[in-house]
Amino acid sequence: IQVIWCDSENEPPDEVANHPSGKVVVEKHTENSLNERFNVLLPTPTLGILSIDDDVLRPCKAIDSGFFKWVQSPDRMVGFDARIHDDSEEKWKYG
């Protein structure tokens, strides 16, 4: 599991940074931006990628369900939340 950590003011939780499985890699970034999660510095150790905004909380059951749906069709994208893209004021808003 590769975690892209973009919070320069806080360290990742110990249970993530020192996960007992030894399979969690925390990649710390200095810029705190939602777009920074797409700037992966290390090669991804897996074919599956889960990208969640830091203001969205998902129950583990929902993430498990999404993972198992992806396992059934690994060439497809599995998503959770739709976001709004609005250009009604002649400029794009994302929300």
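A few points about this structure:
- Area of CYS6 that stays accessible when all protein chains are in place (1.4 Å probe, Å², to 10): 20 Å²
- Share of carbon and sulfur in the accessible heavy-atom surface of the chain [1.4 Å probe, %]: 54 percent
- Sorting PHE68, PHE38, PHE80 by accessible area puts them as PHE38, PHE68, PHE80; the probe is 1.4 Å, largest comes first, and only protein heavy atoms count.
- Working note: Debye formula, equal point scatterers on the alpha-carbon atoms of the chain, no solvent; log10 I(q)/I(0) at q = 0.12, 0.14, 0.19 Å⁻¹ is -0.50, -0.68, -1.16.
- Rolling a 1.4 angstrom probe over the protein heavy atoms with all chains in place gives the range 8-63 an accessible area of 83 Å² per residue.
- Taking amide H atoms as placed 1.01 Å from N in the peptide plane, the amide H of VAL3 lies under 5 Å from those of VAL25, VAL26, GLU27, each 5 or more residues away in sequence or on another chain.
- Over the chain, relative contact order from alpha-carbon pairs under 8 Å, at least 6 apart, %: 20 percent
- Summed over qualifying helices (DSSP H, 4 residues or more, each -39500 (n - 2.57)) and divided by its residue number, the chain shows a 222 nm mean residue ellipticity of -5000 deg cm²/dmol.
- Residue ranking by accessible heavy-atom surface, 1.4 Å probe, largest first, among SER88, SER65 comes out as SER88, SER65.
The values are calculated or read from the model by the stated rules, or taken from the named source; none is laboratory data. As the structure is a prediction and not an experimental result, all values here were calculated from the model. Side chains included, ligands, DNA and RNA excluded: accessible areas come from the protein's heavy atoms. Shrake-Rupley method; radii C 1.70, N 1.55, O 1.52, S 1.80 Å.
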